[in-house]
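Chemist: Here's a structure for you.
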């Protein structure tokens, strides 16, 4: 075994070694010679989705230069590149992505393959920006999916089941500025009744609650584009602006957080919650996330509040965000505008395992879809086809692209893939 672990240390990889090819041909040889193989990105998944009993392949060193097509407003990038590095390159050339995740250290291929997202009523997941990609299959073929290809929506959020994502093409737009402001200690009832107004009051908005005091929501982070018409501040947030920089977790220094206080700055320095230069080495935490249809947002928040006493012993913070619908077959926000409930737990795996069934039962009436890279309890195989209308179509695509099953692992088998 490689003795390697994921970022949080809760997954010990079973791979025999980690290879770092620098060319597509090197990667092709590695895949062709392996009975079992997986891409290994920035290791920010909390499940066994990236595990393998064979070879792990890191694409971080792959020789795929970043190339901007200004006329088409597209950028071509290697799958192993991290969003923070891509964002810096784009900003230097006057371009931007529509959104970023809260942490800019994650890899492009890993993020899109799991349906990772930023936030915003009108902003879909990071994967929705994909207009094309190249996959190295277990047969050694380099398969190209372009915008308009009927299988592209299936290949983007691919769960690592289809092949190595060697190259990705993303939609870009001219650079813009964002002003980020934090509000705190907002009455919980005012948040539930004014939920849609608060979430739609800025380009991106996040609610943070520790449930330590279930009478209030600890913080609301609003990220407003300066090139857009400004929405009036919701009544619930008036006179609630934080007196200084805040970290989402109470009593933690905000030094690693992006600039707040309403000071405008480049998109890449405001859309994430955390700064790129503060590279996390490990995380003393576990994470879960569930996406529900947007109309169930307030009711789901209320359901979480009802479990406050049970969740507190293992909960660090719960973040609530809006994500626009997309058309990607296995995206948790497929075909429905969504509200994401993200739980940052302590590293107490047994404790989290005890509360998850009750949490998922409380969310069940709202048809929750779990984030593929974060902790959730096993479900019957048939449940996935009910949650994802294109599930069987994706399975057919998987069978076609990975006929010998080299990219299958225990995680995928547990899903029936």
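The values are calculated or read from the model by the stated rules, or taken from the named source; none is laboratory data. Note that the coordinates shown come from a computational prediction; the quantities given were computed from them, not determined experimentally. Glycine also receives a Cβ, built like all others from the backbone with ideal geometry; neighbour counts cover every protein chain displayed.
Chemist: Given 121, 108, which one is outside the structural domain of residue 198 (by TED's automatic domain parsing) and surrounded by fewer than 24 Cβ atoms within 10 Å (Cβ to Cβ)?
Modeler: Details: 108 fails: surrounded by fewer than 24 Cβ atoms within 10 Å (Cβ to Cβ).
Every option except 121 fails the conditions.
Chemist: Residues that are surrounded by fewer than 18 Cβ atoms within 10 Å (Cβ to Cβ), at pLDDT 95 or above and in the same structural domain as residue 308 (by TED's automatic domain parsing): which helices (runs of 4 or more DSSP H) entirely in segment 326-417 hold 1 or more of them? Don't jump to the end; show me each part of the working.
Modeler: Working: elements: 349-363, 381-387, 391-401, 410-414.
Output list reads 349-363.
Chemist: Just to be sure I understand the filter: pairs with C-beta atoms under 9 Å, separated by 6 or more residues or on different chains, first member in segment 130-149 and free of Cβ contacts under 8 Å to residues at least 12 places away in the same chain, second member part of a loop (DSSP other than H, G, I, E, B) and surrounded by 14 or more Cβ atoms within 10 Å (Cβ to Cβ). Which pairs pass?
Modeler: Sorted first by the residue in segment 130-149, then by its partner, the pairs are 141/163.
Chemist: Additional query: Being touching a helix residue (DSSP H, G or I) at 6+ places or on another chain (Cβ under 8 Å) and either surrounded by fewer than 18 Cβ atoms within 10 Å (Cβ to Cβ) or at pLDDT below 95 (or both) narrows it down to one of 259, 314, 304, 252, so name that one. Break it down stepwise before answering.
Modeler: Numbers: 314 fails: either surrounded by fewer than 18 Cβ atoms within 10 Å (Cβ to Cβ) or at pLDDT below 95 (or both); 304 fails: either surrounded by fewer than 18 Cβ atoms within 10 Å (Cβ to Cβ) or at pLDDT below 95 (or both); 252 fails: touching a helix residue (DSSP H, G or I) at 6+ places or on another chain (Cβ under 8 Å).
From the options 259, 314, 304, 252, the qualifying one is 259.
Chemist: Take residue 251 and decide whether it is farther than 24 Å from residue 186 by Cα and in a loop (DSSP other than H, G, I, E, B).
Modeler: Working: farther than 24 Å from residue 186 by Cα: no; in a loop (DSSP other than H, G, I, E, B): yes.
Taking the combined requirement at face value, the residue does not satisfy it.
Chemist: Go through segment 147-175 residue by residue and tally those that are out of contact with any helix residue (DSSP H, G or I) (no Cβ under 7 Å at 6 or more places or on another chain) and more than 24 Å from residue 36 (Cβ to Cβ).
Modeler: 9
Chemist: Determine whether segment 44-67 contains at least one residue that is in contact (Cβ under 8 Å) with a residue 60 or more places away in the chain, more than 24 Å from residue 373 (Cα to Cα) and touching a strand residue (DSSP E or B) at 6+ places or on another chain (Cβ under 9 Å).
Modeler: Going residue by residue through segment 44-67, those that are in contact (Cβ under 8 Å) with a residue 60 or more places away in the chain are 44-54, 57, 59, 62, 64.
Cutting the leftovers down to more than 24 Å from residue 373 (Cα to Cα) gives us 64.
Those still in the list that are touching a strand residue (DSSP E or B) at 6+ places or on another chain (Cβ under 9 Å) too: 64.
Scanning segment 44-67, I find at least one residue that is in contact (Cβ under 8 Å) with a residue 60 or more places away in the chain, more than 24 Å from residue 373 (Cα to Cα) and touching a strand residue (DSSP E or B) at 6+ places or on another chain (Cβ under 9 Å), so the answer is yes.
Chemist: Continuing with the same structure: Can you confirm whether residue 211 is on the phi > 0 side of the Ramachandran plot and surrounded by fewer than 23 Cβ atoms within 10 Å (Cβ to Cβ)? Before the answer, list the steps.
Modeler: Details: on the phi > 0 side of the Ramachandran plot: yes; surrounded by fewer than 23 Cβ atoms within 10 Å (Cβ to Cβ): yes.
So residue 211 passes the test.
Chemist: Exactly one condition in (1) in contact with a helix residue (DSSP H, G or I) (Cβ under 6 Å, 6 or more places away or on another chain); (2) buried (at least 22 other Cβ atoms within 10 Å of the Cβ); (3) more than 20 Å from residue 374 (Cβ to Cβ) is not met by residue 96; state its number.
Modeler: Here residue 96 meets the rest and fails (2).
Chemist: Looking only at strands (runs of 3 or more DSSP E) that lie completely in segment 1-72, which have at least 2 residues being at pLDDT 90 or above and crowded, with 17+ Cβ neighbours inside 10 Å?
Modeler: On the way: elements: 17-19, 37-39, 55-57, 67-69.
Answer list for segment 1-72: 37-39, 55-57.
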